[in-house]
1. Has the stretch 270-277 got any residue that is more than 17 Å from the chain's Cα centre (by Cα) and either of a type outside the set (A, V, I, L, M, F, W, C) or farther than 23 Å from Pro90 by Cβ (or both)?
2. Across the stretch 72-81, what is the number of residues that are surrounded by 13 or more Cβ atoms within 10 Å (Cβ to Cβ) and either among the polar types (S, T, N, Q) or in a loop (DSSP other than H, G, I, E, B) (or both)?
3. Can you tell me which residue among Val54, Val113 is out of contact with any Gly (no Cβ under 8 Å at 6 or more places or on another chain), part of a strand (DSSP E or B) and modelled with pLDDT of 95 or more?
4. Does the stretch 201-214 contain any residue that is within 14 Å of the chain's Cα centre (by Cα), modelled with pLDDT of 95 or more and closer than 30 Å to Ala38 by Cα?
5. Output yes when any residue across the stretch 193-205 is acidic (Asp, Glu) and in contact with a helix residue (DSSP H, G or I) (Cβ under 7 Å, 6 or more places away or on another chain), and no when none is.
6. Output the residues belonging to the stretch 11-36 that are in contact with a strand residue (DSSP E or B) (Cβ under 9 Å, 6 or more places away or on another chain) and free of Cβ contacts under 8 Å to residues at least 40 places away in the same chain.
7. Answer yes if at least one residue in the stretch 37-44 is on the phi < 0 side of the Ramachandran plot, touching a residue at least 40 places away in the same chain (Cβ under 8 Å) and not assigned by TED's automatic domain parsing to the domain that holds Gly186, and no otherwise.
8. Go through the stretch 10-51 residue by residue and tally those that are surrounded by 14 or more Cβ atoms within 10 Å (Cβ to Cβ), in a helix (DSSP H, G or I) and of a type outside the set (Gly, Ala, Ser).
Amino acid sequence: MSPLLNHVARCHNAVLPGPRRPFRIGAAVVGWVLPEFAAALLRFPAIRRDGDGVRLDAERAGELWAIGLALAEQGVLGWRDEAFDVRAEPGGPVLTQLDRGALPAFGVWAEGVHVNGLVRAADGLRVWVGRRAADKAIDPGKLDHIVAGGIPARLSAAEALVKEAAEEAGIPAALAAAAVPVGRIGYAMERPEGLRRDLLYCYDLTLPPEFVPRPADGEVAGFELWPLRRVYATVAGSDDFKFNVNLVLIDLFLRTGLIDPDGAEGRALRQALDGPAPAVSA
């Protein structure tokens, strides 16, 4: 398998249900939890057994935040004090909110935005590359997009993009609003922090050559402007980029023709990005 396909496959490494059990709010399956976490949930009066899984009654859905906080205080899961909407499926009705740090333990969908920061130079397309701060909880020091982040509760993808652009890279709202949606990428991935079921809203943002992003909130250590081919070589030859950034960049390579979308590798990559990925090779 090609290194690029392996990047995609690693983000599709979760086998569901596997050992996990359904976590329901009302009749809707919103997450998948490990047996020991299901047992921890059953200590709360609002949670009860439900066949092979556990259930929070719909009329008590608002208690999920307090349940998550209590488990965080016990050291059972992470906590970031950032509310995310909980849905059974992306785009579905919001059932309640849960802290971002608790999402992997519950195995619920999380939505985020990823922005390709592009500069069209005389010698070809260039891409702004960020480096994650050394104190980031996830993948510290890895390479990243110019803008990438989760979509907090009650915000749309476009609204989250403008917010993250200002906070992470000092991009003015009027400039960030010019970002063009180019697709969505979803995956289910087992990570040290738990089950990541993510849906990424992908954007291209063409920036003027004179604009230079600046780290604004400490989450990014700095930015560099790279030729697209250098980005490609780094993705193809290393794990230097954050795990899910690779997928969005592979999509960019296909859309710009750097990888022939009609060739054998291009067709395999598009199929992997759009659906279940092949197994990771040894």
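1. Of the stretch 270-277, the ones more than 17 Å from the chain's Cα centre (by Cα) are 270-271.
Of the ones still in play, those that are also either of a type outside the set (A, V, I, L, M, F, W, C) or farther than 23 Å from Pro90 by Cβ (or both) are 270-271.
Within the stretch 270-277, one or more residues are more than 17 Å from the chain's Cα centre (by Cα) and either of a type outside the set (A, V, I, L, M, F, W, C) or farther than 23 Å from Pro90 by Cβ (or both).
2. The total comes to 5.
3. On the way: Val113 fails: out of contact with any Gly (no Cβ under 8 Å at 6 or more places or on another chain).
Of the residues listed, the single one that is out of contact with any Gly (no Cβ under 8 Å at 6 or more places or on another chain), part of a strand (DSSP E or B) and modelled with pLDDT of 95 or more is Val54.
4. Checked the stretch 201-214: no residue is within 14 Å of the chain's Cα centre (by Cα), modelled with pLDDT of 95 or more and closer than 30 Å to Ala38 by Cα.
5. Filtering the stretch 193-205 for residues acidic (Asp, Glu) gives 193, 198, 204.
Filter once more, so that each one left must be in contact with a helix residue (DSSP H, G or I) (Cβ under 7 Å, 6 or more places away or on another chain): 193, 198.
Within the stretch 193-205, one or more residues are acidic (Asp, Glu) and in contact with a helix residue (DSSP H, G or I) (Cβ under 7 Å, 6 or more places away or on another chain).
6. Val15, Pro17, Gly18, Arg21, Pro22, Arg24, Ala27, Leu34, Pro35 - these are the residues of the stretch 11-36 that are in contact with a strand residue (DSSP E or B) (Cβ under 9 Å, 6 or more places away or on another chain) and free of Cβ contacts under 8 Å to residues at least 40 places away in the same chain.
7. yes
8. Qualifying residue count for the region: 3.
The values are calculated or read from the model by the stated rules, or taken from the named source; none is laboratory data. From a predicted model like this one, the values you see are computed outputs, not experimental measurements. Here the Cβ is made from the backbone with ideal geometry for all residues, glycine too, and neighbour counts use every protein chain on show.
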